[in-house]
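The structure under discussion appears below in the form of structure tokens.
The values are calculated or read from the model by the stated rules, or taken from the named source; none is laboratory data. Being a predicted model, the structure only gives us computed values, none of them experimental. Cβ atoms come from the backbone with ideal geometry, glycine included; neighbour counts cover every protein chain shown. Side chains are part of the model used for accessible areas, which takes the heavy atoms of the whole protein and leaves out ligands, DNA and RNA. Shrake-Rupley method; radii C 1.70, N 1.55, O 1.52, S 1.80 Å.
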Amino acid sequence: MSVNPKTIERFSDELFSALCSGEVIDPLTEREPDLSIDDAYAISRRLLARRQSQGEQSIGKKIGVTSAAVQNMLGVHQPDFGFLLDVMAVPNASTLSLAEANLIQPRAEGEIAFVLKRDLQGPGITEADVMAATDYVSPCFEIVDSRIRDWRIKIQDTIADNASCGVFVLGDEKIDPSGLDLAAVEMKIARNGEHIATGLGSAVQGHPATAVAWLANTLGRYELPLLAGETILSGSLAALLPVAAGDEYLLNLSGIGTAAISFTA
């Protein structure tokens, strides 16, 4: 690590407080320019431990900042990962109160979610390994959020902030991916009945399973496996979309299915 352990504790405590209160904090990297990626993951792990100490359960992982559209929007040019917890899962076609969910500056992403039937532990995991270990894929809305003021993030900021996790919605369909060309899957998103975004599975590092393999191999360096039964969010197929009270979002993934979510204040 390149910063004092006390800094790791302080930043993780600040992020935990911001998460609980629905407030933002100033960018960590502006206050601690020497913050490294390993430091940021140490903050993320400590933030996870605090949440688990309150009874929240880990149910999967997510990959962030995988597509060029998202990287260019945020000015972050490499993927990262975060942890999914049971309190983040929102039923399909439900209505979510932004205030009750403590969402501060939410944005919507359309993704392909993988649910595993076998463990994956890097290094050396390939796209083929991921496909063989996948039980099914489902359509997914991830509603990302940032506890960092105005999304003024560098890669270390979003990593520390659990990869800007908010909540996620899985569609009802559970599709065997073996018969699908996931790179060719087409995504369409409508907001309030109006088509606003299109994307392809290939937007995620060329193939969504390639992104999941990257995650397994990256986690392997931290001695963390992907576990059977876990949900893995493979990354956004298009640029992030702003979310406001009154919005109704519908996602359609060709050959996979749909997911929907609505928002109130």
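Annotations for the structure displayed:
- Set side by side, the residues LEU98, LEU85 differ, and just one is open to solvent by less than 40 Å² (accessible area, probe 1.4 Å), farther than 27 Å from VAL204 by Cα and among the aliphatic types (A, V, I, L, M), which is LEU98.
- Contact map, the range 191-217: first residue over 11 Å from ILE63 (Cα atoms), second residue open to solvent by 50 Å² or more (accessible area, probe 1.4 Å) and assigned to a loop (DSSP other than H, G, I, E, B), Cβ cut-off under 6 Å, separation 6 or more or different chains; pairs are ASN217/PRO123.
- From ALA190, ALA239, residue being at pLDDT below 95, open to solvent by less than 60 Å² (accessible area, probe 1.4 Å) and more than 30 Å from ASP119 (Cβ to Cβ): ALA239
- Taking the range 27-45 as the range and being outside any helix (DSSP H, G or I) and touching a helix residue (DSSP H, G or I) at 6+ places or on another chain (Cβ under 8 Å) as the test, the residues that pass are PRO27, GLU32, LEU35, SER36.
- Within the range 24-44, the set of residues being farther than 13 Å from ARG147 by Cβ and either without any contact (Cβ under 8 Å) to a residue 40 or more places away in the chain or among the polar types (S, T, N, Q) (or both) comprises THR29, ARG31, GLU32, PRO33, ASP34, SER36, ASP38.
- With respect to being out of contact with any Lys or Arg (no Cβ under 7 Å at 6 or more places or on another chain) and in a helix (DSSP H, G or I), ALA197 falls outside the description.
- Within the range 168-183, the set of residues being in contact (Cβ under 8 Å) with a residue 24 or more places away in the chain and either among the β-branched types (Val, Ile, Thr) or open to solvent by 40 Å² or more (accessible area, probe 1.4 Å) (or both) comprises VAL169, LEU170, ASP172, GLU173, LYS174, ILE175, ASP176, SER178, LEU180.
Table: residues versus (1) open to solvent by 10 Å² or more (accessible area, probe 1.4 Å); (2) in contact with a Leu (Cβ under 7 Å, 6 or more places away or on another chain); (3) over 18 Å from HIS207 (Cα atoms).
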| residue | (1), (2), (3) |
| --- | --- |
| GLY110 | no, yes, no |
| ASP119 | yes, yes, yes |
| THR134 | no, yes, no |
| ILE148 | no, no, yes |
| LYS154 | yes, no, yes |
| GLY166 | yes, yes, yes |
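- Answer residue from the range 1-46, given it is open to solvent by 40 Å² or more (accessible area, probe 1.4 Å) and touching an Asp or Glu at 6+ places or on another chain (Cβ under 6 Å) and is modelled with the highest pLDDT among those: SER2
- Once the range 120-158 is narrowed to residues that are β-branched (Val, Ile, Thr) and at pLDDT 95 or above, the residue that is nearest to ASP80 (Cα to Cα) is VAL144.
- The lone exception for THR66 - which of (1) over 22 Å from ILE104 (Cα atoms); (2) without any contact (Cβ under 8 Å) to a residue 12 or more places away in the chain it fails: (2)
- The residues in the range 231-259 that are in contact with a helix residue (DSSP H, G or I) (Cβ under 7 Å, 6 or more places away or on another chain) and over 18 Å from ALA209 (Cβ atoms) can be counted, and the count is 3.
- The set of residues from the range 203-243 being more than 13 Å from the chain's Cα centre (by Cα), outside any helix (DSSP H, G or I) and more than 21 Å from ILE37 (Cβ to Cβ) comprises GLY206, HIS207, LEU227, ALA228, GLY229, GLU230, ALA238, ALA239, LEU241, PRO242, VAL243.
- When the residues of the range 244-265 are filtered to those that are assigned to a loop (DSSP other than H, G, I, E, B) and touching a Leu at 6+ places or on another chain (Cβ under 7 Å), the one that is most open to solvent (accessible area, probe 1.4 Å) is ALA265.
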